[in-house]
Each structure stands twice: as structure tokens, then as C-alpha cells.
Amino acid sequence: MNRQEKAMHLQEARLQEKALKRIARWRTYSLAISAVGVAVSYYSFTATQKPFGYFTGAIGILMILAGVLASWCINIAIRNGRRNVEKILNLLETA
């Protein structure tokens, strides 16, 4: 592997690390959506107006599910991205 290819691989690893940090921020946002869903569900199921409570409770549960599923998918993407960066860096070390 020549010097230019090493520089390209190193740049790729840096860009992927930067992207992984952005993706981790999205994971935080999805967990925040889940937390808001918990608050909405709790409020709606303890509300005195039950028809309103059931509707908003269902919305809160959907928010929880959406946030948890998004967080799970994002976590898998981060894990695979880190593995990819490690492979690139190992390739650079062996070359």
C-alpha cells in the first residue's frame, strides 16, 4: 500500500468517526423521545378525563416504542461503524 492510499484510508477512518459521533447524537434524541413518551403516557393514564387519557396514552406508548426501536437500530449502526473503523485502522497498521 503506498503513501497516498494510506492517507485516503486514514481520512476515511476520520470521517467515519465524525459520522459516528453524529449518529450517537441521534441515539440521544431517540432516547429523549422515549422519555417524553413515558411522561405523556403517565400523565394521560392518571388524567381524570379518561377518553382523552386513553388516546394520549396510546400516543405516548407509540412514542416509547418508536424511540426504543430507533435507538436500537442506531446502536447497531454505531457498533458496525466502529468495527469498520477498527478494520481500517488495523489494515493501516499491518501495511
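Bear in mind that the values in this text are calculations on the coordinates, not laboratory data. As the structure is a computational prediction, the values presented were derived from the model and not from experiment.
Tabulated values for the structure
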| quantity | calculated |
| --- | --- |
| Per-residue [θ]222 nm for the chain (sum of -39500 (n - 2.57) over DSSP H runs n ≥ 4, rounded to 500) | -35000 deg cm²/dmol |
| In degrees, nearest ten, helix 50-94 long axis to first principal axis of the chain (Cα) | 10 |
| Rounded tilt (10° steps) of 3-46 against the dominant C-alpha axis of the chain | 10 |
| Quotient of Cα Rg and 2.2 N^0.38 Å for the chain, N being how many residues it contains | 1.69 |
| Anchor Lys87: lysines whose Cα lies under 29 Å away (excluding residues fewer than 8 positions away in-chain) | Lys6, Lys18, Lys21 |
